[in-house]
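A short worksheet on the structure shown next.
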Amino acid sequence: MTCYTCGDQRRLMAVKLAGVLNGIEFLEVRDHEESVADLRQRTLVVRLLLPVPAGLDRTWIALEGGERIRPVAVEWAKAGTDLTGSELGLIDGYDDPATLLVVRTARWGDFSLYTLRLRTPGTTDPPTGFDPLLAGVPFSFKVECPSDLDCLQPCTCPAGVHHPPPIDYLAKDYQGFRRVMLERMALLAPGWTERSSADIGVMLVELLAYAADELSYRQDAVATEAYLGTARSRISLRRHARLVDYRVHDGASARVWARLLVGEGAVDVPLAAGTRLLTRVPGVDDQRLEKDTRDYERVIDAQPVEFQTVHGALLDHDLSELRFWTWGRLDETLKPGTTSATLRGDHPALRAGEVLVLAETVSPSTRVAADADPRRRFAVRLVEVRASKDPSGTLFDSGEEDVTEIRWHEEDALPAALCIAVDGIETAVAWGNIVLADHGATVAGESGDGEPLGAVPLSRLVRVAADCDDEGGRIPARYHPSLMQSPLTRTVVHDREVLATAPFTAALEAELQGSASKDGLQALFAAAGIAQIGDEAIVRGSGMLHSLSFGGRAWLLRENVTDDTLEVLEEWESASAVRSGDLRSAAPAVTLTGEEPGGAGHEWHPSPDLIASDGEHRAFVVEQEHDGTVLLRFGDDEHGARPPERTAFRATYRVGNGVAGNIGRESLAYLVGDENDVVGVVNPMAAFGGVDAETGDEIRRDAPATLSIQERAVTTSDYAAKAQLHPGVEKAEATFRWTGSWHTVFVTADRRGGRGVDAGFEAALRAQLERYRMAGYDLEVDGPAFVPLDVSLFVCVEHGHHRSSVARELRSALSDAVLPDGRLGLFHPDRFTFGRPVYLSTILAAAHAVPGVESVEVLSFQRQHEPWSNGIDSGVLPMGRLEIARLDDDPDFPERGVLALTYGGGS
């Protein structure tokens with residue numbers, strides 16, 4: 001159907017309502033409704049406003065237009081009332097046939113527009129009684145052809161052509177804007193020629209130029225900060241990076257193991273969390289400082305590096321220095337990889353969970369204390385402490401000797417040998433009373449209750465309602481307070497799984513003070529699936545964190561003051577684990593206290609962002625600039641709570657961050673406190689973990705690369721790669737298996753040092769892989785298939801070499817241990833992994849490298865108990881995809897591989 005558009009449509013309505021003149025209302029082309037294919041698009045049904053005039057035939061009709069097909073002739077034209085027979089079907093569905101005009105054309109037209117025009121025969125004038133504008137109508141023969149366009153054309157009027165004044169849009173500063181405005185005024189008001197700055201007109205121009213300069217700067221600044229590549233503000237870079245899920249880190253504070261020195265006879269000396277430790281200052285010898293003393297003021301004026309203890313502890317003089325027990329051996333060395341030792345005497349205060357520093361105090365070579373190697377100091381976390389006795393006693397006393405067996409965390413296995421005795425001279429000791437401290441000094445303001453940040457300002461702007469449903473309202477004022485001191489301390493948090501919780505009652509609190517009855521803790525540990533606590537269990541600790549030792553194991557108890565509960569955490573992490581941690585999860589050490597106008601006070605805590613926060617969450621985001629300036633951003637009542645107006649905030653925070661805290665060993669010298677039993681502090685080892693904040697260039701470089709990081713595991717190689725991100729995994733392989741109802745991914749892990757895949761490691765690896773696991777796939781972790789080897793060699797020793805010496809060196813070179821010089825034995829577990837074959841040439845090369853070996857004859861080189869796998873001829877023993885070769889040569893476990901060596905020659 002073809003209708004009028006724009007002004008013609010309005011004209012049609014006006015004429016139709018008047019009812020005086022006739023005209024064309026619409027035109028319809030019969031196409032798909034036509035049963036005769038030859039007649040399609042050849043019948044035009046024209047509706048008039050009034051009845052068809054008598055005598056109107058084809059001579060009254062003209063078809064104009066067309067491009068490829070023209071002209072289009074008219075065969076006949078009849079009024080609706082003149083149709084007879086089959087012609088009546090042409091107007092089926094139309095009412096009032098008197099107003100219908102049916103036109104039959106000689107052929108159909110092309111895709112262009114045509115115009116049907118009514119005219120008086122022999123002239124170009126419209127018929128008498130017809131409106132001149134409505135005597136013709138444009139139409140298309142292809143109106144029913146498929147089209148994606150709407151046939152109704154919008155009624156729009158083209159905008160007028162605007163000729164803007166010639167303006168120099170390159171003007172971006174005050175002088176440029178002033179010149180442009182004065183030039184424009186010279187065109188608009190030629191009679192105004194005054195250019196004196198005292199003139200009111202010039203003054204207004206200069207005022208507008210100043211405002212334009214300010215606005216131009218703001219526009220440029222916004223455009224600059226709108227893109228990652230051009231942004232100069234660190235806050236802008238942080239927000240851009242967050243859009244691609246890249247968390248910018250602001251560095252981390254350094255940590256250090258501090259050794260507290262306790263007075264003679266002191267027992268269970270409490271050390272509170274947050275105890276201040278300061279580095280040495282020349283001229284001050286007293287190691288324990290009290291506030292408001294002269295020595296304290298001298299040390300503070302020298303601006304030392306300050307550390308604070310992370311957790312509370314109970315100190316004991318008996319743990320100050322622990323001597324090793326060598327069971328009568330004059331020479332004794334703790335080899336690399338050792339995780340146990342024996343201490344002289346009984347030490348009731350020593351419990352699982354404590355940290356010891358094993359230190360060389362006398363040089364094994366010179367027997368001089370000053371020559372002791374300070375690099376041979378190792379922090380270890382005890383996992384088992386057991387009192388025992390040596391029935392043989394000492395050389396001078398045949399009675400029993402009290403000893404203490406200790407075992408520490410596998411991750412704290414000694415990385416190098418530690419000689420503890422040479423010719424009966426003790427060369428190493430174990431230091432106790434070790435506490436972890438991190439870099440940062442507390443800022444609490446002059447009154448001690450926090451640094452004032454000012455109050456939330458009142459709203460001054462009002463938003464006008466946009467429609468009837470919008471009530472408008474006041475626009476909250478911006479409140480972005482800043483901290484006065486910097487750099488803000490960022491601490492790496494080690495999250496631990498909460499196994500069980502219980503209400504923190506007064507009776508339960510009493511249980512944490514010592515070794516009283518543990519009835520209050522029995523149900524708590526039973527809920528966590530942990531063995532029942534015996535009467536010998538001891539609770540140690542101070543502050544919010546406690547250590548509970550029982551059954552040779554140590555557990556963490558944490559007082560959660562937020563909801564008055566006691567939490568049972570996992571076992572103590574290793575001492576080496578505190579060196580690791582995700583920098584991007586380092587938490588800012590700042591808390592806010594907000595006092596609302598009504599007197600109510602609430603604590604506000606930092607959050608990485610407010611995306612997942614609701615309107616009730618009292619949290620804020622810490623944002624830091626390149627110069628260390630720290631700004632605090634609050635929520636908007638949708639993502640995070642908005643602080644009420646006139647709320648006065650006070651901040652308590654710590655300053656000290658980055659590499660400045662990586663102090664050297666024995667740098668700590670002062671402890672601030674009034675506890676008389678604590679006489680000093682020293683750090684046996686250098687501080688570690690202090691990292692400066694990311695620079696702007698690093699953010700621009702690394703943030704876009706986040707998009708290419710694979711955050712899901714799809715193929716087996718993906719699962720293997722993600723498993724190898726675990727610090728304890730040397731290599732991993734993955735296998736897809738159909739287990740009956742769904743697919744299961746079996747991840748086979750080769751642990752460092754050949755350790756087994758125990759329940760704890762399996763749980764940790766599963767937790768790491770869970771974020772990458774695809775939906776619909778189950779996940780299992782298992783260990784590799786170890787292949788024990790059977791190797792037999794006949795070694796001919798050169799003349800002039802002792803056979804026993806060569807044998808000792810050869811077995812050491814072919815062992816699975818870490819050699820005294822730090823090298824790995826040929827069959828150390830870390831030398832072999834999945835599918836790696838064993839080459840006979842490697843064994844022969846290692847044997848011939850031992851001084852005194854003249855020749856080697858291979859008698860056996862095969863898989864254990866598989867003689868058909870003999871590889872002497874081929875020189876290689878291949879391994880399967882999940883197999884790892886193993887040769888421990890342990891007489892207690894021959895099933896782990898056997899190395900048989902026979903010798904000839906030598907002396």
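Taken together, the values in this text are just the output of simple stated rules run on the coordinates, not laboratory data. These numbers were taken from a predicted model, which means no experiment stands behind them. Every residue, glycine as well, gets a Cβ built from its backbone with ideal geometry; the counts of neighbours run over all protein chains shown.
Structure summary
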read-out	value
Ranked S792, S196, S607, criterion: other C-beta atoms within 10 Å, fewest first	S196, S792, S607
Cβ-based net charge around F746, under 10 Å, with every Lys or Arg adding one and every Asp or Glu removing one	-3
Relative exposure of M181, M203, judged by other C-beta atoms within 10 Å (fewest first)	M203, M181
Difference of contour (0.36 nm per residue) and Cα-Cα distance, R646 to H865	70.6 nm
Net charge of neighbours whose Cβ lies under 10 Å from the Cβ of E780, counting Lys and Arg as +1 and Asp and Glu as -1	-1
Relative packing of 431-437, 816-822, which averages over residues the other C-beta atoms within 10 Å, highest first	431-437, 816-822
Label of the coordinate-derived value, mean projected area of the Cα convex hull in nm², listed as [x] 44.0; [y] 72.5; [z] 56.4	[y]
Cβ-based net charge around P457, under 13 Å, with every Lys or Arg adding one and every Asp or Glu removing one	+4
Computed lengthening from A775 to V858, 0.36 nm per intervening residue step minus Cα-Cα distance	24.6 nm
Pairs of lysine residues in the chain - Cα separation under 26 Å, sequence separation of 8 or more or cross-chain	5
Computed FRET value (nearest 0.05) for R579 with L208, which takes r as the C-beta separation and R₀ as 56 Å	0.35
Least to most buried among T505, T124, T309 (fewest other Cβ within 10 Å first)	T124, T505, T309
D449/T842 FRET efficiency (R0 56 Å; Cβ-Cβ; nearest 0.05)	0.20
Farthest toward positive dipole pole in the chain [+1 Lys/Arg, -1 Asp/Glu at C-beta], among L545, F834, L343	F834
Two-site label geometry, L170 and T115: point separation in nm, points 7 Å out along Cα→Cβ	5.1
Computed FRET value (nearest 0.05) for D220 with I300, which takes r as the C-beta separation and R₀ as 51 Å	0.65
Contour minus Cα-Cα distance for R474 and R184 (0.36 nm per residue)	100.5 nm
Helix-only mean residue ellipticity at 222 nm for the chain, each DSSP H run of n ≥ 4 adding -39500 (n - 2.57), per residue, nearest 500	-4500 deg cm²/dmol
